[in-house]
Amino acid sequence: MSDGTAGAATVEDLDVRLERHRVELTGYCYRMLGSSFEAEDAVQDTLVRAWRSYAKFEGRSSLRSWLYRIATNVCLDMLTAGNKRARPMDLSEPTPLARAALSPRPDHTWLEPVPDARVLPTVEDPAEAAVAKESVRLAFMAALQQLPPKQRAVLILREVLAWKASEVAELLDTSVASVNSALQRARATLAERAEAGADAAVSDPLDEEQRKLLERYVAAFEGYDMAALTALLHEDAIMTMPPFDLWLTGHDDITGFMTTIGSACEGSRLLPVQVNGLPGFAQYKPDPEKGGFSPWAIQVLEISDGRLTGFHFYLDTQRWFPLFGLPLHLDGEPDEVEQGA
């Protein structure tokens with residue numbers, strides 16, 4: 001290398017080439033780890049390792065395949081502790097309203113939400129885009145968490161990213177037969193855990209019926225109209241509120257909670273967000289001290305057969321709202337506030 005100019009150009013080019021893969025790698029690591037923040041840490045570690053060892057990369061595989069190999073090893077190392085992130089309904093029975101109590105569990109317990117833009121690359125094929133969205137939905141993510149780490153990697157690479165068995169075998173330094181066996185076991189585990197299509201009916205993009213359902217939901221929630229909300233809920237609808245392990249099922253217990261323990265949510269405002277391949281909202285509660293509205297929850301909604309089957313409130317606002325590029329205070333109506341990127 002004769003001067004620093006060529007070296008600088010090479011470094012800049014490598015940074016650009018690596019950065020092109022950030023979103024898809026974040027999606028992969030998120031599916032592996034179940035955590036938005038751990039996924040971003042894993043990707044950053046992956047890109048740093050790639051940058052440092054690029055001189056040893058001999059081009060025997062594509063840069064993308066090489067990055068996935070590094071990312072897989074990073075995730076497998078992070079999963080050696082064996083913790084499985086979960087939703088409240090994966091850990092306990094539903095709580096009757098009469099015994100409802102807000103008992104938090106540590107952050108590492110919970111499956112975390114993620115903005116679509118951070119994990120879903122832009123693709124032109126609608127079918128490919130639909131598969132990608134389905135593969136980050138909460139029900140599928142929760143099922144993935146039940147798989148041993150290497151089975152999880154095999155299933156994601158084969159079923160979500162459509163890698164060939166031979167490519168996965170090379171990445172994992174194993175045989176095609178071993179990959180096929182792991183995939184078969186992973187599929188069997190997921191089949192055993194298959195839920196009754198909690199969010200299977202969400203179309204991409206939302207159809208007119210689903211858009212109208214969301215409009216009615218916003219009107220009912222912002223108006224705190226429990227009769228209108230009840231009309232939108234499936235009879236077996238589920239409500240969760242991580243980091244609390246409480247979960248409620250059925251519209252009577254859900255609306256009963258909202259008018260008692262959750263009554264401070266009355267008068268809230270909702271901003272739409274795209275989260276886990278599902279419709280969602282950022283909820284702001286009235287702020288009696290500062291005026292306006294303060295962050296309260298990221299809501300993730302599940303829809304099936306024209307009704308809400310699940311709505312999940314993620315309450316750690318200091319973590320979630322910056323991740324979604326959302327303001328930490330609303331002075332006026334939500335539509336007057338410009339949302340972050």
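Find the accessible area per residue for the stretch 53-100; the probe is 1.4 Å, ligands and nucleic acids are left out, and the unit is Å². Display every interim value, and only then the final one.
Working: 2720 Å² over 48 residues.
Roughly 57 Å² per residue, with all protein chains present.
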TODO: Over the Cα atoms of the chain, compute the convex hull volume and normalise it per residue, giving Å³.
DONE: 159
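When only DSSP loop residues count, what GluC sites (Glu not before Pro) in the stretch 109-140 have their Cβ near at most 14 other Cβ atoms within 10 Å?
Here the sparse-neighbourhood loop sites are GLU124.
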TODO: Provide the per residue accessible area, probe 1.4 Å, for the stretch 110-235, rounded to a whole number of square angstrom.
DONE: 49
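Please give the per residue accessible area of the stretch 240-341, computed with a probe of 1.4 Å over protein heavy atoms only, in Å². Don't jump to the answer; show the numbers that get you there.
Working: 4000 Å² over 102 residues.
Dividing the accessible area of the stretch 240-341 by its residue count gives 39 Å².
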TODO: Using a 1.4 Å probe over the heavy atoms of the protein chains, calculate the carbon and sulfur portion of the accessible area of the chain as a whole percent.
DONE: 51
Open item on the list: If you restrict to DSSP beta bridges whose two residues both lie in the chain, what percentage is antiparallel, to the nearest 5?
Closed with: 85
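So for the stretch 214-341, averaging the separation of alpha carbon pairs under 8 Å that are six or more residues apart and normalising by length, what relative contact order in percent results? Walk me through the numbers on the way to the answer.
Details: 229 pairs, mean separation 27.7, N = 128.
Computed value for the stretch 214-341: 22 percent relative contact order.
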TODO: Decide, for the stretch 50-97, between rounded, prolate and oblate: order the square roots of the alpha carbon gyration tensor eigenvalues as a ≥ b ≥ c, take rounded if a/c falls under 1.5, and otherwise choose prolate if a/b is larger than b/c, else oblate.
DONE: prolate
- [ ] Loop only per DSSP, at most 15 neighbouring Cβ atoms within 10 Å: give me the GluC sites (Glu not before Pro) in the stretch 208-308, ordered by residue number.
- [x] GLU266, GLU289
Open item on the list: Can you give me the long-range amide H partners of ALA282? Hydrogens built in the peptide plane at 1.01 Å from N, cutoff under 5 Å, separation of 5 or more residues or another chain.
Closed with: LEU271, VAL273, GLN299
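From the helices alone, meaning DSSP H stretches of at least four residues, give me the mean residue ellipticity at 222 nm for the chain, per-run term -39500 (n - 2.57), in deg cm²/dmol to the nearest 500.
About -13500 deg cm²/dmol.
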Task: Under the Debye formula (equal points on every Cα, no solvent term), log10 I(q)/I(0) of the stretch 72-158 at q = 0.11, 0.12, 0.21, 0.25 Å⁻¹ - done: -0.42, -0.49, -1.16, -1.39
Task: Sparsely packed trypsin sites (Lys or Arg not before Pro) within the stretch 238-341, loop by DSSP, other Cβ within 10 Å at most 16 - done: LYS290
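The values are calculated or read from the model by the stated rules, or taken from the named source; none is laboratory data. Since the model is a prediction, treat every value here as computed from it, not as a measurement. Quick reminder, even Gly has a Cβ in these numbers, built from the backbone with ideal geometry, and neighbours come from all protein chains shown. Calculation scope for accessible area: heavy atoms of the full protein, side chains included, ligands and nucleic acids excluded. Shrake-Rupley method; radii C 1.70, N 1.55, O 1.52, S 1.80 Å.
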